[in-house]
1. Listed residues 224, 170; which is farther than 30 Å from residue 122 by Cα and surrounded by fewer than 19 Cβ atoms within 10 Å (Cβ to Cβ)?
2. Mind checking which residues of the range 851-867 are closer than 10 Å to residue 887 by Cα and surrounded by fewer than 23 Cβ atoms within 10 Å (Cβ to Cβ)?
3. Does the range 428-457 hold any residues that are surrounded by fewer than 20 Cβ atoms within 10 Å (Cβ to Cβ), over 24 Å from the mean Cα position of the chain (by Cα) and among the hydrophobic types (A, V, I, L, M, F, W, C), and which are they?
4. For the range 398-427, give me each residue that is in a loop (DSSP other than H, G, I, E, B) and either modelled with pLDDT of 95 or more or crowded, with 20+ Cβ neighbours inside 10 Å (or both).
5. Looking at this structure, is residue 197 modelled with pLDDT under 95 and surrounded by fewer than 17 Cβ atoms within 10 Å (Cβ to Cβ)?
6. Can you tell me how many residues in the range 888-930 are in a strand (DSSP E or B) and closer than 25 Å to residue 256 by Cβ?
7. Being touching a helix residue (DSSP H, G or I) at 6+ places or on another chain (Cβ under 6 Å), on the phi < 0 side of the Ramachandran plot, in contact (Cβ under 8 Å) with a residue 12 or more places away in the chain and of a type outside the set (Lys, Arg) is true for just one of 934, 895. Which residue is that?
8. Spot the failing condition for residue 693; the list is (1) modelled with pLDDT under 90; (2) in contact with a helix residue (DSSP H, G or I) (Cβ under 6 Å, 6 or more places away or on another chain); (3) assigned by TED's automatic domain parsing to the domain that holds residue 809, and only one is missed.
Amino acid sequence: MIENGYWRRSAALIALATGLVAASGASAQTANDAQAADDVVVTGTRIRRPDLTSNSPLTSVNAQELTLQGTNNIENALNRLPQFTADANENVSNGSNGTAQVNLRNLGSNRVLTLVNGQRLLPTQAMDLNFIPSAIVERVDIVTGGASAVYGSDALSGVVNFILRDKLDGFRLDAQTSIADHTNDNGFLRGIVSGRGYQTAPSHVFDGGKQDINASFGKTMLDGRLNITVYGGYRRTDPVLQSTRDVSACALNSASTTFTCGGSSNTPFGTFTPLGGPLAGQKLTNSRDGSKTWVPYDSTYTYNYAPLNYFQRSDDRYNAGAFMHLELSKAAEIYGSYMYMDDRSFSQVAPSALWFGQTYAVTCNNPLMSASQQQSLCGAAAGTAATQNTLIGYRLGGSGTLPRRDDLQHRYYRSMVGVRGDIGHGFNYDVSVLRSSAHYDEQYLNDVNVTKAQKALLAVPDGKGGAVCQSVLNGTDSACTPINVFQAGGLTGQQAQYLYAPTRTWGRYALNVISGSITGDLGTFGITSPWAKDGVSIVLGGEHRRETLYFTGDEVAKQAGTQDSDGIIAVNEGFGEIEVPIAQDSAIGKALTLNGGFRYSAYKNDQRSTGYSSKFNAFTYKGELSWQVVDPVRLRASFNHAIRAPNISELFSNLSLGNVNAVDPCAGAKPTASLSACQLTGVTAAQYNSHLVIECPSDQCTGQSGGNRNLKPESADTYTAGIVLAPRGGRNLSVSIDYFNIKVKDYIGSIDPNTIISQCFSTGSPYYCGLFRRDPLTGSIFGTGYVVSTTLNTGYLKTSGLDIAANAMIPLGRLGRLYGDFIGTYLFQQATQPLPGGDSYDCKGLFGYACGQPTPVWRHNVRVTWKPDQKTSLSFNWRYIGPTSNSATSSNSYLTGPADPIDARLPAYSYFDLTGAVEVNRNLTLRIGANNLLDKSPPALASGVLNLFGNGNTYPGVYDVLGRRIFVGATVKF
């Protein structure tokens, strides 16, 4: 619900500003006022000038490029640019929150500020690019480098600014459909899958359909002074299973120079390790013949969890909105917008299980066990009402069991109203109020409830030859159904239905912004450099922002560990900017211009549930230089000192446990670490010598995460320097080369559990080894054991490199024109220092556990478009991703580790796209195209190498995982 008091105060402010400037500006119609209508505002500055250009590296993706790419997902279009590293997207299922984000310069999606028409898009922790209606995007500006002095917190790596077509005059309809077309012909992988006895992927598939339709309508009225534009759209994405692709048909393990089909030890055969009795510490499983007999467990019993996992999530998105511009006078234009989105996405993974690592008590007279099983489990207590603690893993794979599904729904609302205008003497003002909110609702379905599973295992004879739960007899749970995990496939769908307990969590996020600024040309008062004709320009303003968060869950979710979380961050800011033309048309060149800016921020953090409150202040600033040496040559450089304040979750989220990809060197029959090293992490000599430390199932160990009230802001110093070459004004050719260097200090994060493990066992550091919390019974670091990985201010992140861009137009006479666009990034450094004062590691050219997704040294896009006439175009695009190596092959102590040759390197990848378009008449344009024209399959890796954004044995945000995508679209306008 909208906070009425907030809006009343904001409306009063705008009404006051409107009345004052309308009265003062009614007669102020000067030459300077007329020129103001043509002023340009560039992303990265608030200065207004007719001839303004960017002093920072700026990349723009226009609507034509989005159309040529044939993508209906904004994040997919941006992730193709070499400046971006893919974050969460539609091809990540397990662990996804259903949102789409971007990661600029591989510094994290939380360190790039996302704007719409120069204003903040959504609450920081609810960012979702699905909210952007792609059909009305005019262009996307990407600015590299800190921009906190201009926009405030979060702009460390840069800014992504979506410029929308918010003043239409007419009707426009955009529709597109696409489908993935892939041939599964990887004989190597198909042989591995079939050799394990698993089903191979179909030889050819057409799937993964996407449909997108958007309509927009605008009308200009009152002699051009009023424009109202409305839009609405629907997008549908069909799910794709991992069973449909060679690369993902089974969970791959590496074995020197080849792969094997691995999987999970949570199998339909069951996995049992008694913690007492005759077979204490032994890993057992049910016999394959279906009898109630335990045999030693080995890797041939593993479960292939991959086929039912989604390789592309299903998604339905509805969005709608409206924009309004009303010019009361030159001194007062009222503008506003309302934007809405409802997005619902489903992810799916393999059926749930009683997860191995959880300790269950089993009754020694459980009638679902055979006499031999009772004897093996309990020894002399067999057949009695005694219980034995046992580690049990059992996959719900029988008839009637269902895959786990995550129902993720997001509803976003964004309202904005403002007034701006000319107040004479070269000055303009802009006052606005913005409120955006996000409603997040997640329901996790078909998952085993541990409490119910425990009740179902405490079964006793019912006196009729069957079994009954103790909880039924004592009246604590009359619905309890005993479960048969004591033979392969013995757990039925009816038994599974009792175990299922849907969990629901939801959150509410809100952002309120009141902002006002005055821009002016001091040249009207004679404040001009003696060597320049243009005057000094200034901006002065203030801003108030307030973010709130509340997150909770139902009782089942809370029993599973979900805890309520809340918080408020409020900030009051004052900012300023100045641009000084030092010299123009002088002996030192065409133009030399300096730009500077500052922002002072006063923060207050509150948590109502605990009464906690804290305050801090921050100061950010920037300096920029632009030197137009001659018309074709411009040099530019900038320095920015930026901050990112900790968000609400980083400050106040409660402690929770979750899965992390890791390997425990102390676990298994043959530990790779020594007894003395393992003892530093909490393993006892008895556990080590008896090989009782259980391996993390499927390399899924447990990590503890949570907030930290004592966090301080991150700070970043960013440097850029570049040259722009534009012969003949850039009409036929323009080239830019820009160097960037960004260092984020005290970055907020957690120490990766793999770093903790590797540093503990390579150095014996008490700090790292002290972060282990091993299960007291099993010594494991999964289940109730874990590695502490909570939020803290750590060391630094640093990246540097070169951006190279070029645009060209070649006249072909009667054959039309040829257009070329090139953009590439060469990476010098991608470094991380996990702890202040400690060693660092560089992920340039690497991928893997610590480095995450591939970070190639070189990436580029080249597009060549032929336009034989004004109505027809044929466009070819080449996307290049450089080779990378497994970080485990590095000699750096943070990165080095075991790596099989088959996982040691990812080759360079080239994708080719082709799009054709024809304007049938002035009202209709048709287009058809194919991305990944040659249907190139993604590289395969062992599943244990992948990080958070890996899926299906590959990196779906980096590579085209579904193969060739064919799209057909149409635009109707009148």
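The values are calculated or read from the model by the stated rules, or taken from the named source; none is laboratory data. Model, not experiment: these values are computed from the prediction. Counting neighbours? That spans all protein chains shown, and the Cβs are built from the backbone with ideal geometry, glycine included.
1. Result: 224 is the single residue among 224, 170 that is farther than 30 Å from residue 122 by Cα and surrounded by fewer than 19 Cβ atoms within 10 Å (Cβ to Cβ).
2. The one that is closer than 10 Å to residue 887 by Cα and surrounded by fewer than 23 Cβ atoms within 10 Å (Cβ to Cβ): 852.
3. 450
4. Filtering the range 398-427 down to residues in a loop (DSSP other than H, G, I, E, B) leaves 398-402, 425-426.
Result: 401, 426.
5. Numbers: modelled with pLDDT under 95: yes; surrounded by fewer than 17 Cβ atoms within 10 Å (Cβ to Cβ): yes.
Against the criterion (modelled with pLDDT under 95 and surrounded by fewer than 17 Cβ atoms within 10 Å (Cβ to Cβ)), residue 197 qualifies.
6. Taking the range 888-930 first, the residues in a strand (DSSP E or B) are 905-906, 909-921, 924-930.
Those still in the list that are closer than 25 Å to residue 256 by Cβ too: 905-906, 909.
Number satisfying all stated conditions: 3.
7. Answer to the check: 895.
8. (3)
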